[in-house]
Amino acid sequence: MTQRRLSIVVPSFNQQAFIAETLECLVNQISVEKEDLEIIVIDGGSTDGSVDIIRRYGSRISYWVSEPDRGQTHALIKGFEAATGDILGWLCSDDLLEPYTVREVIDVFGSRPGVDFLYGDGFWIDPSGRRVKWKKEIPFHWFIWLHDHNYIPQPATFWTRKLYDAVGGLDERFDLAMDGDLFARMALASPPLHVRRSWARMRLYPQQKNQRFRERSDREDDIIRQRMGVTYATGGHRLLYRAAAKSWRIAWKLCTGCYWQLPRNSYSRPSPGRISADAPV
């Protein structure tokens, strides 16, 4: 069997408060024998001490650079150009992966050769790392995704290099909804598989880009919908479709237990064969 390799790109700019924890969660998953994880850090020329932290991890990072860039999407494009893995993903420098995520992601791709795009679950954490709430999700469904919101948790999402190249990679015209744009194009080519495992911890705080620039992010989301052929005759129609999609998503999550808290030991790595997945609908 061909050895699979996961390349994770970490874009960062002035994230001294969080980047050490992010890098720590990655380097602890490196398998020296298998060389199955490649960590690539693209720093935008930080001035807050981030570079000193990155340098401390230098011997365990496959590639890193600190230089001015044109923003997060440009940094990610640079990172993926440098990546050598056949599986790709990115982790923002304030988010975290679970200790078992890398191994499970590689295992899922290895056991399902026809899958090129998948995502797991996660939960939100506050700036100090405390759990705030679950982000347990449903399978991918176009109507809900288009008319409600991009509910695919970006840090818990992974895809093959083959698929990324086939759809043309990231589009630098998107500064905030670059993940939604990429996911939409990839989903058209290969609908994503949902794996019911907590793979990521996403930090929630007011300084986040998508929190600070919500209106701009919404405008980029609208561009994606329009490109996918979604138009609304009136504002009322838009509200109606959005309400229908949201209600459908909430009902689906209620029926599948997405709002129920699991016991603490549910975060431990499962025994082989217990990873379950939902096919796209």
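Computed quantities for the displayed model
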quantity	calculated
Top-ranked residue in segment 109-132 [being farther than 30 Å from LEU163 by Cα and of a type in the set (Lys, Arg); ranked as surrounded by the most Cβ atoms within 10 Å (Cβ to Cβ)]	ARG131
Answer residue from segment 52-70, given it is surrounded by fewer than 20 Cβ atoms within 10 Å (Cβ to Cβ) and among the hydrophobic types (A, V, I, L, M, F, W, C) and is nearest to GLU24 (Cα to Cα) among those	ILE61
Filtered residues of segment 173-196 (kept if basic (Lys, Arg) and either part of a loop (DSSP other than H, G, I, E, B) or under 14 Å from the mean Cα position of the chain (by Cα) (or both))	ARG173
Pairs, first touching a residue at least 24 places away in the same chain (Cβ under 8 Å) in segment 169-197, second in a loop (DSSP other than H, G, I, E, B) and of a type in the set (Ser, Thr, Tyr), C-beta under 7 Å, six or more apart	ARG196/SER276
Criterion violated by SER59 - all others in (1) under 20 Å from the mean Cα position of the chain (by Cα); (2) over 19 Å from TYR164 (Cα atoms); (3) of a type outside the set (A, V, I, L, M) satisfied	(1)
Unmet requirement for ILE30, which otherwise passes all of (1) more than 26 Å from PRO127 (Cβ to Cβ); (2) not in a loop (DSSP other than H, G, I, E, B); (3) not small (Gly, Ala, Ser)	(2)
Any hit, segment 185-193, residues being crowded, with 20+ Cβ neighbours inside 10 Å, of a type in the set (A, V, I, L, M, F, W, C), under 27 Å from GLN16 (Cα atoms) and at pLDDT 95 or above	no
Extreme residue, surrounded by the fewest Cβ atoms within 10 Å (Cβ to Cβ), among residues of segment 86-95 that are closer than 21 Å to ASP165 by Cβ and in contact with a helix residue (DSSP H, G or I) (Cβ under 7 Å, 6 or more places away or on another chain)	ASP86
Hits in segment 231-260 (condition: surrounded by 15 or more Cβ atoms within 10 Å (Cβ to Cβ), modelled with pLDDT under 95 and hydrophobic (A, V, I, L, M, F, W, C))	CYS258
Filter result (surrounded by fewer than 16 Cβ atoms within 10 Å (Cβ to Cβ) and in contact with a Ser or Thr (Cβ under 7 Å, 6 or more places away or on another chain)) within segment 133-181	GLU172
Test set (1) touching a residue at least 40 places away in the same chain (Cβ under 8 Å); (2) surrounded by fewer than 22 Cβ atoms within 10 Å (Cβ to Cβ) - ILE40 fails condition number	(2)
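The values are calculated or read from the model by the stated rules, or taken from the named source; none is laboratory data. Keep in mind it's a predicted model, so treat the numbers as computed, not measured. Virtual Cβ from ideal backbone geometry, glycine too; neighbours counted across all protein chains shown.
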